1. Look through Val97, Val76, Val104, Val83 and report the one residue that is among the β-branched types (Val, Ile, Thr), in contact with a strand residue (DSSP E or B) (Cβ under 8 Å, 6 or more places away or on another chain) and touching a residue at least 60 places away in the same chain (Cβ under 8 Å).
2. What single numbered condition from (1) at pLDDT below 95; (2) part of a loop (DSSP other than H, G, I, E, B); (3) over 17 Å from the mean Cα position of the chain (by Cα) fails to hold for Glu109?
3. In region 22-80, which residue that is within 13 Å of the chain's Cα centre (by Cα) and among the basic types (Lys, Arg) is farthest from Glu109 (Cα to Cα)?
4. What's the number of the condition Met124 fails, among (1) out of contact with any strand residue (DSSP E or B) (no Cβ under 8 Å at 6 or more places or on another chain); (2) in contact (Cβ under 8 Å) with a residue 24 or more places away in the chain; (3) in a helix (DSSP H, G or I)?
5. Return yes or no: is Tyr81 outside any loop (DSSP other than H, G, I, E, B) and under 19 Å from Pro29 (Cα atoms)?
Amino acid sequence: MKRIIILFISVLVISAFMAGCIETREKAPLSTPDIRTAIDTRDSFVILFFYEPSSGTSREQLEILYNVKQNHSDSVILLPYAVDNPESFDAKEGYKVRTTPTTVIIDDEGYIVKTLTKITYEKMIEEIILQETKK
């Protein structure tokens, strides 16, 4: 019985250690041709923005994202998706968007860096991009 307990504890400890060593970043779904093309553009961050056109908060976030895009035109690709547009369905489903506004930041290697579901200001988004650029 002691051996079983020791073995069980050993497995737990090794599993916990290994979990810390495994890369846990999630690859971004290539759910539309636009997203696939943007992600294939190396050396650029891709920002997907899912919004409700009639929402003031969504419009405010979109303006913020346009400013980020303008400030980083050589390294940021912005793809806005109005959730009421049938053409946005595949993108919305691929990223499991359930609320608006939702902003998804994808790094230059095609991995999801952050998913934000509330208004996020320029400085914060730029800090996320800066941190990921340093990696």
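The values are calculated or read from the model by the stated rules, or taken from the named source; none is laboratory data. This is a predicted model, so every value here is computed, not measured. Cβ coordinates were reconstructed from backbone atoms using ideal geometry, including for glycine residues, and neighbour counts include every protein chain displayed.
1. Result: Val104 is the single residue among Val97, Val76, Val104, Val83 that is among the β-branched types (Val, Ile, Thr), in contact with a strand residue (DSSP E or B) (Cβ under 8 Å, 6 or more places away or on another chain) and touching a residue at least 60 places away in the same chain (Cβ under 8 Å).
2. The one condition Glu109 does not meet is (3).
3. So the residue we want is Arg25.
4. So Met124 meets the others, but not (2).
5. Considered against the rule, which asks whether it is outside any loop (DSSP other than H, G, I, E, B) and under 19 Å from Pro29 (Cα atoms), Tyr81 comes out as yes.
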